[in-house]
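**Q** Can you keep this structure in mind? I'll have questions shortly.
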Amino acid sequence: MTPTIFALSSGMPPAGIGVVRISGPQAGDVIAALTARPLPQPRRATLRPLIDPRDGRLLDEALVLWFPGPATATGEDLAEFHVHGGRAVIAAVLDCLARQPGLRAAEAGEFTRRALLNGRIDLIEAEALGDLLGAETEAQRRHALMMHDGALSRAVERWQATLLALSARLEAVLDFSDEDDVGDGVDIGGDLRVLRTELDTWLNRPRAERLKDGLRVVLAGPPNAGKSSLFNALLGRDAAIVSDIAGTTRDMIEAPVQLGGHAFVLIDVAGLRDDSGDVIEAIGIDRARRAVAAADVVLWLGDPGEAPEGALRIGAQSDRISHGSDIDLRLSAHTGEGLEELIAWLVARAAELSPRADEAGLNARQAVLISEARDAIALAGSESDPLLQAESLRASRQAFDALTGRAGAEAMLDALFGAFCIGK
Ligand SMILES: Nc1nc2c(c(=O)[nH]1)N(C=O)[C@@H](CNc1ccc(C(=O)N[C@@H](CCC(=O)O)C(=O)O)cc1)CN2
């Protein structure tokens, strides 16, 4: 029999409440054993004393929930004890559960893994749940929730249905091609083109990783231009050393920061100059040049005529230097002039480069599989032999099965759920 699993699903104690979840065939028996009462009404929070069945001692007064399967989050019988969130309370309840027959502690992500195995969610939704738990910005949260709600899963279901219908038409031709009343072939070229176009639309959108990794913003310019002051001002703390000495920043400093609900990585680099004469600083300058090349956004604090292409030209230290008209933004980290405007510009740029709030973006795994499916569909469109066409459509269906987890890739599941918290 499937083991029944349990775990603390809420945060680290001590906390106000601790939610202990139990999933599996013994969940109902566990409620009966620990409350010494009949099961509460399904899906109704009910106050009950929790009693250790070994010695009849009171463990806690708890809210008890009983969710009979299969219409539950895991697809199994599910119980929840909402106990007082103290360390000793939770330790006592978990210890008592560990001694119940057929029960064992859950592994990381095991509740979600069971939801997947029981078909309650697909692999895309499970991935999205992981992203939701890890979300630190508004943009990440919104995107994860959209995916968890099935934005991509529903599209994949539709594509699968289309492919199945087209495959069925091809099979009919293959089965009856020696009979006179079925023509020589079927024209599925139009349908394949429509499908391919839709997949290309998804593939061409900004990727989901963009939301997680954040926009890479490099602060570049000659030494002593005020890069580190701006870096600190954007971070709201003194992370980089600021001095009047040219060449103070010799290595790169990276710091993640959240602005306007988007994730950014700010990168302060050594000032660019050709004649530093200092070996260490020269290495820093070389790194700075590479960082500028790899940046999503370059903030240029220096002669606007020398700004890298596409950089935002900032007239820095505007409280003591007057700038010409060929700059994009006057800024003083000292007085705060222009800082709000710069932040608004960065947030707008992040929104432009990230998946839109109403359009899901693919992660790397999803993009690889959708692109495989797309190529197989393109190949089917270029074939005229229905046998070869059918083979290509099968390959695209397989790619979609891997996408939703129907074609179980065990290694992928271990990697995904291993990164979850215990109790999820
Ligand atoms: N206490 C508690 N809070 C929680 C969860 C939980 O499991 N327990 N969740 C878990 O992560 C999330 C809510 N997700 C849930 C998803 C599905 C079902 C569920 O029972 N679904 C059934 C019945 C739906 C219904 O009656 O409306 C179904 O989908 O068939 C419950 C919670 C967030 N908050």
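**Q** With the Cα gyration tensor of segment 213-353 in hand, convert its eigenvalues to equivalent ellipsoid semi-axes via √(5λ) and list them largest first in whole Å.
**A** Square roots of five times the eigenvalues give 21, 17, 15 Å.
**Q** Amide H to amide H, which residues 5 or more places from A15 or on other chains are under 5 Å from it, using H placed in the peptide plane?
**A** When sequence neighbours closer than 5 places are left aside, the close amide H contacts are G85, G86.
**Q** With a ≥ b ≥ c taken as the square roots of the eigenvalues of the C-alpha gyration tensor of segment 75-209, please select rounded if a/c is under 1.5 and otherwise prolate if a/b is larger than b/c or oblate if it is not?
**A** It is oblate, given that a/c is not under 1.5 and a/b is not larger than b/c.
**Q** So, one more: Compute the relative contact order of segment 4-106 as a whole-number percentage, counting only Cα pairs closer than 8 Å that sit 6 or more residues apart in sequence.
**A** 35 percent
**Q** When a/c is below 1.5 the answer is rounded, else prolate if a/b is larger than b/c, else oblate, so apply that to segment 4-106 with a ≥ b ≥ c taken from the square roots of the Cα gyration tensor eigenvalues.
**A** rounded
**Q** Can you compute the label reach from D213? Point 7 Å from Cα along the Cβ direction, backbone N cut-off under 11 Å, restricted to segment 274-318.
**A** 295-296
**Q** Sorted by packing (mean other beta-carbon atoms within 10 Å per residue), highest first, where do 291-297, 198-204 land?
**A** The most tightly packed comes first, giving 291-297, 198-204.
**Q** How far is the Cα center of segment 190-222 from the Cα center of segment 36-55, in Å?
**A** Centre-to-centre distance over Cα atoms comes out at 51 Å.
**Q** For the chain, what relative contact order do you get, as a whole percent, if you take Cα pairs closer than 8 Å and at least 6 residues apart?
**A** Reported as a whole number, the value is 17 percent.
**Q** Give, as a single signed number, the net charge of other residues whose beta carbon lies under 12 Å from the beta carbon of Q317, with Lys and Arg counted +1 and Asp and Glu -1.
**A** 0
**Q** In nm, to one decimal, how far is the A348 label point from the L388 one, both placed 7 Å along Cα→Cβ?
**A** Simple spin-label model gives 5.2 nm for this pair.
**Q** Ranking request for peptides 390-401, 119-130, 163-174: highest mean number of other beta-carbon atoms within 10 Å first, then the rest in descending order.
**A** 119-130, 390-401, 163-174
**Q** Please give, to one decimal in nm, the separation of the simple spin-label points placed at L47 and A419, each 7 Å out from Cα toward the Cβ.
**A** Placing both labels 7 Å along Cα→Cβ, they lie 4.3 nm apart.
**Q** Would you compute, from DSSP H runs of 4+ residues alone, the mean residue ellipticity of the chain at 222 nm, taking -39500 (n - 2.57) per run and dividing by the full residue count, rounded to the nearest 500? Show your work: numbers first, answer last.
**A** Values: 14 runs with 186 residues, N = 424.
Helix-only estimate at 222 nm: -14000 deg cm²/dmol.
**Q** I would also like to ask the following. Please say if the chain is rounded, prolate or oblate, where rounded means a/c under 1.5 for a ≥ b ≥ c the square roots of the C-alpha gyration tensor eigenvalues, and otherwise the choice is prolate for a/b larger than b/c and oblate otherwise? List each step's numbers first, then the result.
**A** On the way: a/c = 3.08, a/b = 1.25, b/c = 2.47.
The shape class here is oblate.
**Q** If each residue of separation counts as 0.36 nm, what is the full-extension length gain between D238 and R193 once their alpha-carbon separation is subtracted?
**A** The D238-R193 span can extend by a further 10.7 nm.
**Q** Shifting gears a bit: Rounded to the nearest 5, what % of the DSSP beta bridges within the chain are antiparallel ones?
**A** Around 65 percent of the beta bridges assigned by DSSP in the chain are antiparallel ones.
**Q** For segment 291-424, what are the per-bin percents of Cα-Cα distances with bins 10 Å wide, up to the bin holding the maximum?
**A** The calculated distribution, bin by bin, is 10, 22, 19, 16, 17, 12, 4, 0.
**Q** Report relative contact order for segment 213-353 in percent, whole number only (criteria: Cα-Cα under 8 Å, sequence separation at least 6).
**A** The value is 25 percent.
**Q** Return the whole-Å distance between the Cα centroid of segment 86-133 and the Cα centroid of segment 330-346.
**A** Segment 86-133 and segment 330-346 have Cα centres separated by 47 Å.
Values in this text are rule-based calculations from the coordinates and carry no lab data. Note that the coordinates shown come from a computational prediction; the quantities given were computed from them, not determined experimentally. Methodologically, a virtual Cβ is constructed for each residue, glycine included, from the backbone with ideal geometry; neighbour enumeration extends over all protein chains shown.
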